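The values are calculated or read from the model by the stated rules, or taken from the named source; none is laboratory data. As the structure is a prediction and not an experimental result, all values here were calculated from the model. Neighbour counts are summed over all protein chains in view; Cβ atoms, including those assigned to glycine, are modelled from backbone coordinates with ideal geometry. We work out accessible area using only protein heavy atoms, side chains counted, and drop any ligands, DNA or RNA first. Shrake-Rupley method; radii C 1.70, N 1.55, O 1.52, S 1.80 Å.
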Amino acid sequence: MAVKVIIPTPLRPYAGKHDHVDVAANTVGEALSSLIAQHGDLRRHLYQDDGRLRSFVNVYVNDDDIRYLQKEATPLKDGDTISIVPSIAGGSTGNPACAAFALPRTAPPGLAVPPMES
Amino acid sequence: MRLQLSPAVGEEIRAHGARGYPHEVCGALLGRQVAADGNGDAALREVTALLPLENRRDDSPRNRFSVAPEDVLRAERAAEASSLELLGWYHSHPDHPARPSEFDREHAWPWYSYVILSVAEREPGEMTSWRLADDRSGYAAERIELG
């Protein structure tokens, strides 16, 4: 099946600056594999080291999220459009290393400013 | 890499961060790529408008934020309607410094500018901007210019 994969702006530098890539595939998984075969630098941004799609990578076939279809086994038909849509996430803490950056809510006693002497 | 914020945009991010405290707030940065992209100092982006968005992480809003894919599409459409580009995202770190966390890095996309505002005890403080390295190993700082 000939389908079109829409590349989101942040990934275009890794896809030859194209806003879409045409591939031939029977399933979403095949289409993404074909995309990566053409543009290998996309892999690390789409997939985790264990080969699963990253959680903040959303894939739609036409208007439907593949999580509510058959995920990567979702079948395709000629002319389908696959969209890769980012979701954005973050936050101030996530692991102990970051806790080192945490701002103290109150000054530790040793850092208290002494009263001015007259 | 430089990220220019108009004074109104800078003030709006700070006000949003203070208003949302102690929760993280987030939104989209809309503007233009002014000069050649890349890692060099010539790379300049100009943010001229914001789209404040709802933090979808209602289970842990004090130290997490999330923008749903439908909001990302809304931000892309808002940028297009104004002949602007969706350049990146801002979020606040309540009672934490304006430094990307490991969680930020794991969830970041390349190319986007990520502005982080520190808000301590409701007072907006330092604001920084970052871009993810191509190999996802870390961030490069992007200099914020107000003007």
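Here are a few things to note about the model shown:
- Label-point gap, in nm, between residue A:47 and residue B:146 - each point 7 angstrom along Cα→Cβ: 4.6
- Test item: Cα-centred dipole of the protein assembly as shown, Lys/Arg +1 and Asp/Glu -1 on Cβ, debye: 160
- Helix axis angle, B:7-20 relative to chain B longest principal axis, alpha carbon, degrees: 20
- The three principal axes of the C-alpha atoms in the range B:8-147 carry coordinate ranges of 38, 33, 29 Å, sorted with the longest axis first.
- Highest to lowest packing among A:67-74, B:9-16, B:119-126, scored as the average C-beta count within 10 Å: B:9-16, B:119-126, A:67-74
- Choice from B:29, B:51, B:117 showing the highest fluctuation, given a GNM over chain B with Cα pairs closer than 10 Å: B:51
- Using the average count of surrounding beta-carbon atoms within 10 Å as a protection proxy, the listed peptides A:36-49, A:19-32 rank, highest first, as A:19-32, A:36-49.
- Chains A and B together bury roughly 3000 Å² of accessible surface, counting both sides and using a 1.4 Å probe on protein heavy atoms.
- At least 20 Å² of accessible area lost relative to the chain alone, listed for the range B:41-81 with a 1.4 Å probe: B:63, B:64, B:65, B:67, B:69, B:72, B:73, B:76
- Between the C-alpha center of the range B:68-106 and that of the range B:130-147 there is a gap of 14 Å.
- Cα convex hull of the range A:2-86, projected area averaged across orientations, nm²: 4.8
- Lys/Arg +1, Asp/Glu -1 at C-beta; the protein assembly as shown dipole; positive extreme among B:66, B:101, B:53: B:101
- FRET efficiency estimate (nearest 0.05) - Cβ-Cβ, residue A:26 to residue A:54, R0 22 angstrom: 0.40
- Cα centroids of the range B:45-63 and the range A:24-68: 26 Å apart.
- Going from the chain on its own to the full set of protein chains, the range B:99-113 has these residues losing 50 Å² or more of accessible surface (heavy atoms, 1.4 Å probe, no ligands, DNA or RNA): B:107, B:109, B:110, B:111.
- As a fraction of the 1.4 Å probe accessible area of the protein assembly as shown, surface on carbon and sulfur atoms comes out at 51 percent.
- Value of relative contact order over the range A:2-86, rounded to a whole percent, pairs C-alpha under 8 Å and six or more apart: 40
- The residues of the protein assembly as shown have, on average, 49 Å² of accessible surface per residue, using a 1.4 Å probe with all protein chains present.
- Inter-site label distance for residue B:137 and residue B:58 at 7 Å from Cα along Cβ, in nm: 4.2
- With a 10 Å cut-off around each Cβ of B:4-11, the average count of Cβ atoms from other chains is 0.
- Interface burial in the range B:125-147 reaches 50 Å² or more for B:134, B:136, comparing the full protein assembly with the chain by itself; accessible area from heavy atoms with a 1.4 Å probe.
- Whole-Å semi-axes of the ellipsoid equivalent to the protein assembly as shown (Cα gyration tensor, √5λ, descending): 37, 20, 17
- Rounded to 5, the percent of DSSP beta bridges in the range A:2-86 classed as antiparallel: 80
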